[in-house]
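Just below is one structure, and these are the notes that go with it.
The values are calculated or read from the model by the stated rules, or taken from the named source; none is laboratory data. On a predicted model such as this, the values are computed, not experimentally measured, just so you know. Backbone-built Cβ (ideal geometry, glycine too); neighbour counts: all protein chains shown.
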Amino acid sequence: MAEVVIQPEASTPPLNEVQRVVDAFVAPSKTFTDIRRSASWWLPWLLGVIVTVAFGMVVQQKITWAKAYDNNLKQSPKQMERLEQQPVDAQVKAKAIGTNITKYIFFSFPVLGILIAVIAAAVLMATVNFGFGGRAKFGQMMAVWFYATLPWAIQGILGIVTTCFVDPDAFNLNNFVGTNIGYYLPTDLPKPIIALGTAIDVFTIWALILMTIGIAIVGNIKKGQAATAVWGWWVIMTLLKVVGAMFQ
């Protein structure tokens, strides 16, 4: 009787950067499994930069940064009141400074995005490794962060489209597209309620789900543990935003 030889199962072929981006939307487990092989994250970061710069250019052309800043001021009555108490020339100067700061902060996203990712990756890695006995590496957590937040690039694209048609007086740079509850709430509601509604966003929830899958894979922990880490920090950050809104 001939001996039956069982062939070893072929290893999963590595993904290129484009495949990892596509799979982040259609087969996220493949992307995050591949991150265990390579922690490269330059492409999702670059896509985010491209979308952000394109959105900024649309704001500059269709809304203007001065108008965007002025709309933000109107949402903070106390700050607006303090400004209006100053002499006219001081008001003009203050608005010019505020406009430039708003614009420069927005276009500094390439650096700020990496800084935020570094902090988030470090916090999540510490939570997973020390809190749940995971084995995630910092570079892997960075990659998980950038691939998991790719839905925000889709949100940015929607923002570009809607900004092309929105009334400049109604434009809100801090909440520019109606994918969250806060977008539809009356502006005269208490700020904490609006902050809470804004946090409940379709694309943020999508990103949190992807992050849960990714952290479970690279950290080699259960999905329930990964969800506790990811959603727990989201609850904490949301509460901080709500508390912060109380003092605006």
The stretch 213-241: number of residues that are crowded, with 19+ Cβ neighbours inside 10 Å and part of a helix (DSSP H, G or I): 11
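Yes/no matrix, rows are residues, columns are (1) in a helix (DSSP H, G or I); (2) under 30 Å from Ala216 (Cβ atoms); (3) touching a helix residue (DSSP H, G or I) at 6+ places or on another chain (Cβ under 8 Å):
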| site | (1), (2), (3) |
| --- | --- |
| Pro14 | no, yes, yes |
| Val21 | yes, yes, yes |
| Lys30 | yes, yes, yes |
| Ser40 | no, yes, yes |
| Val49 | yes, yes, yes |
| Val58 | yes, no, yes |
| Met80 | yes, no, yes |
| Gln86 | no, no, yes |
Of the residues in the stretch 133-153, how many are surrounded by fewer than 16 Cβ atoms within 10 Å (Cβ to Cβ) and in a helix (DSSP H, G or I)? 1
Checking Leu210 against (1) surrounded by fewer than 19 Cβ atoms within 10 Å (Cβ to Cβ); (2) on the phi < 0 side of the Ramachandran plot; (3) at pLDDT 95 or above, only one condition comes out false. Which one? (1)
Pull out all pairs, ordered by first then second residue, where Cβ-Cβ is under 8 Å, the residues are six or more apart or on different chains, the first lies in the stretch 189-210 and is acidic (Asp, Glu), and the second is not in a helix (DSSP H, G or I). Asp201/Thr179; Asp201/Asn180
Where residues in the stretch 21-37 are more than 11 Å from Leu210 (Cα to Cα) and touching a residue at least 60 places away in the same chain (Cβ under 8 Å), which of them is nearest to the chain's Cα centre (by Cα)? Val21
Checking the conditions here, which among Leu83, Leu112, Leu43 is surrounded by 15 or more Cβ atoms within 10 Å (Cβ to Cβ) and over 28 Å from Pro190 (Cβ atoms)? Leu43
